[in-house]
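Notes to accompany the following structure.
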Amino acid sequence: MQKFRKSSGWALVVRGILFMRFGFLVLFMESKTIYGPMNFLGIILLVSGGLYFALSIMLRKSDKAWFYGLLWGIIDLATGGYVMLNMSRATDIFTDIIGVFAIVMGISILVSSYFIPGYRILLYINALVSGSFGFLILTNPTLGRLDFLVGLYGLLLGMFVAYSGYAIITWKKKEVEKSAAIA
């Protein structure tokens, strides 16, 4: 279990850094075309999906929860593949993709809070923020501020995911240090 936790923690850190870069790209892009951020989003999803897929396959014999990482990897690979292969169609529905992704992230974070009781409050807050951003992005009638919402969501999501990965990596160490201090 510790091997799975450490591997998935590093995968989350990489994913968080990629999403922070995506948020910066959308917030501070100079051109008015959306092809650059969409291309980067497709790459992020393909890289993180491949990472989760590979880690899950490697850990399938040593951990019972390997299937969840495999499922997440397949979803990311399919979404990233769609974005990369249908760039013009994906740019037309860019905000819908991000909005739906934010809502799915909110739901998955809410589900994962059941398995990580030590960070449950933080996960509840992030699930609420992610779901709210998704709802705002999908229902926002003004297109002028949409890239700001998408960029801000990418930046916040990236920071939270990277922190969550770090927390998962160091979780066992903290637990061992607390039990040693008590004894």
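A few points about this structure:
- When the helices (runs of 4 or more DSSP H) confined to the stretch 1-96 are screened for residues that are at pLDDT 80 or above and open to solvent by 40 Å² or more (accessible area, probe 1.4 Å), those reaching at least 2 such residues are found at 2-28, 35-58, 66-85.
- Qualifying positions in the stretch 116-138 - loosely packed, with under 13 Cβ neighbours inside 10 Å and either under 18 Å from Ile43 (Cα atoms) or in contact (Cβ under 8 Å) with a residue 40 or more places away in the chain (or both): Gly118
The values are calculated or read from the model by the stated rules, or taken from the named source; none is laboratory data. This structure is a prediction, so every number in the text was calculated from the model and none was measured. Please note: Cβ atoms are built from the backbone with ideal geometry, for glycine as well, and neighbour counts cover all protein chains shown. Surface accessibility is based on the protein's heavy atoms, side chains included, excluding ligands, DNA and RNA. Shrake-Rupley method; radii C 1.70, N 1.55, O 1.52, S 1.80 Å.
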